[in-house]
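**Q** This is the structure I want to talk about, given as structure tokens.
The values are calculated or read from the model by the stated rules, or taken from the named source; none is laboratory data. Quantities reported herein were computed from a predicted structural model and do not represent experimental measurements. When we count neighbours, we look across all protein chains shown, and the Cβ atoms used for this are built from the backbone with ideal geometry, even at glycine.
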Amino acid sequence: MLAPYCERESSEPIVEDLGIQGLQWWKEILPEIVIQKGTLVIAPTRDITELKRFSVRTNNHKTIEGSEIAHLEPDLAERFNYALFYENEAHIDPRKALIILKETLIKNGAFFADIGVPEKNFDIIIDATGIARLGKDKNIRGVRGEMLLIRSTDIQISRPIRLLHPRIPLYIVPREDNIFMVGATMIESDFNGAISARSMMEFLNAAYTLHPAFAEAEIIESGVGVRPCYPNNLPCVNRHGNHISINGFYRHGFLLSPEMAKQAVKLALE
């Protein structure tokens, strides 16, 4: 998701500032994959205080009521009384984005080689290997993230929906072919094993809370990854000799990578 305003709720102001620039970069460079329909943040009636808290901690949104929610997402009509709408946010399909980025780089002269190319062959080495630096960079820690991909033809959603909960806020993001991504946990662990039963149940409960039609959805994939993070949960770019390191994106990889890449290029050209 390209959600600089929502991400401000649990991050430093710089994430919002750089994220706004990152969102603009995606719109300018790869407009064909950016879907800008905003983000809808909702909460069940029992958790409405979470919606108020989220509102106070974030910017550039408006509070909408049931009829406006139904206008934006007809399949959610009469299910929620209030929501926060961040109309300037957007989302992309990360897998499609990576494919198109690689194709674009190749067209512009980039060369992709298998692991094992001697470093001595290069004037500048940019290390963006993420969690592979765990144990080598003493400041890197792992934060486990889990997600589900489900398919349902019984419900239509056109934008990311964040469902607030006191313990684990979750989100549901639409993709092509009636597929929805449900995620994502943030667990202080570098364990990269399969998704846990607890997380699976919480994801499915969140989807069902959003709409009962998800009870009949197909579970087509579960995914687990370990995010590289620094102590302040902010990415960092630095240079030592001809080595440039760019790492620590936490959960903001696609949002902040454009601006951090610009910093890496600047260091490389010094």
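**Q** May I ask you to list the residues in region 178-187 that are at pLDDT 95 or above and of a type outside the set (A, V, I, L, M)?
**A** Result: Asn178, Phe180.
**Q** Before we move on, is Tyr86 farther than 30 Å from Asn238 by Cα, touching a residue at least 24 places away in the same chain (Cβ under 8 Å) and touching an Asp or Glu at 6+ places or on another chain (Cβ under 7 Å)?
**A** no
**Q** What strands (runs of 3 or more DSSP E), lying completely within region 80-198, carry at least 3 residues that are crowded, with 16+ Cβ neighbours inside 10 Å?
**A** The qualifying strands (runs of 3 or more DSSP E) are 82-86, 141-151, 161-163, 170-174, 179-183.
**Q** Have a look at Ile150, Ile157, Ile161, Ile126 and point out the one that is touching a residue at least 60 places away in the same chain (Cβ under 8 Å) and under 18 Å from Arg251 (Cβ atoms).
**A** Residue meeting the stated conditions: Ile161.
**Q** Same structure again: Among the residues of region 64-110, write down those that are among the small types (Gly, Ala, Ser) and more than 16 Å from Val173 (Cα to Cα).
**A** Result: Gly66, Ser67, Ala70, Ala77, Ala83, Gly109, Ala110.
**Q** Further question: How about region 26-49: which of its residues are closer than 22 Å to Ile168 by Cα and assigned to a helix (DSSP H, G or I)?
**A** Within region 26-49, Thr45, Arg46, Asp47, Ile48, Thr49 meet the criteria.
**Q** To continue, here is another question. May I ask you to list the residues in region 246-261 that are within 17 Å of the chain's Cα centre (by Cα) and in a strand (DSSP E or B)?
**A** Once the filter is applied, which keeps residues that are within 17 Å of the chain's Cα centre (by Cα) and in a strand (DSSP E or B), region 246-261 yields only Asn247.
**Q** Which condition number does Ala207 fail, the rest of (1) surrounded by 17 or more Cβ atoms within 10 Å (Cβ to Cβ); (2) at pLDDT 95 or above; (3) within 23 Å of Gly38 (Cβ to Cβ) being met?
**A** (2)
Every residue, every condition in (1) part of a helix (DSSP H, G or I); (2) surrounded by fewer than 18 Cβ atoms within 10 Å (Cβ to Cβ); (3) among the aromatic types (Phe, Trp, Tyr), yes or no:
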residue	(1), (2), (3)
Gly225	no, yes, no
Pro231	no, yes, no
Ile244	no, no, no
Gln263	yes, yes, no
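**Q** Here's a follow-up. Going by the conditions given, is Thr63 hydroxyl-bearing (Ser, Thr, Tyr), over 19 Å from Gly19 (Cβ atoms) and either in contact with a strand residue (DSSP E or B) (Cβ under 8 Å, 6 or more places away or on another chain) or not in a helix (DSSP H, G or I) (or both)?
**A** yes
**Q** Can we say Pro4 is in contact with a Gly (Cβ under 6 Å, 6 or more places away or on another chain) and on the phi < 0 side of the Ramachandran plot?
**A** Here the answer is yes, as Pro4 does meet what is asked.
**Q** With of a type outside the set (Phe, Trp, Tyr) and free of Cβ contacts under 8 Å to residues at least 12 places away in the same chain as the only criterion, which of Arg57, Arg79, Arg53, Arg8 stands out?
**A** So the residue among Arg57, Arg79, Arg53, Arg8 that is of a type outside the set (Phe, Trp, Tyr) and free of Cβ contacts under 8 Å to residues at least 12 places away in the same chain is Arg53.
**Q** Where residues in region 66-120 are basic (Lys, Arg) and farther than 27 Å from Glu16 by Cα, which of them is farthest from the chain's Cα centre (by Cα)?
**A** Across region 66-120, the extreme among qualifying residues is Lys120.
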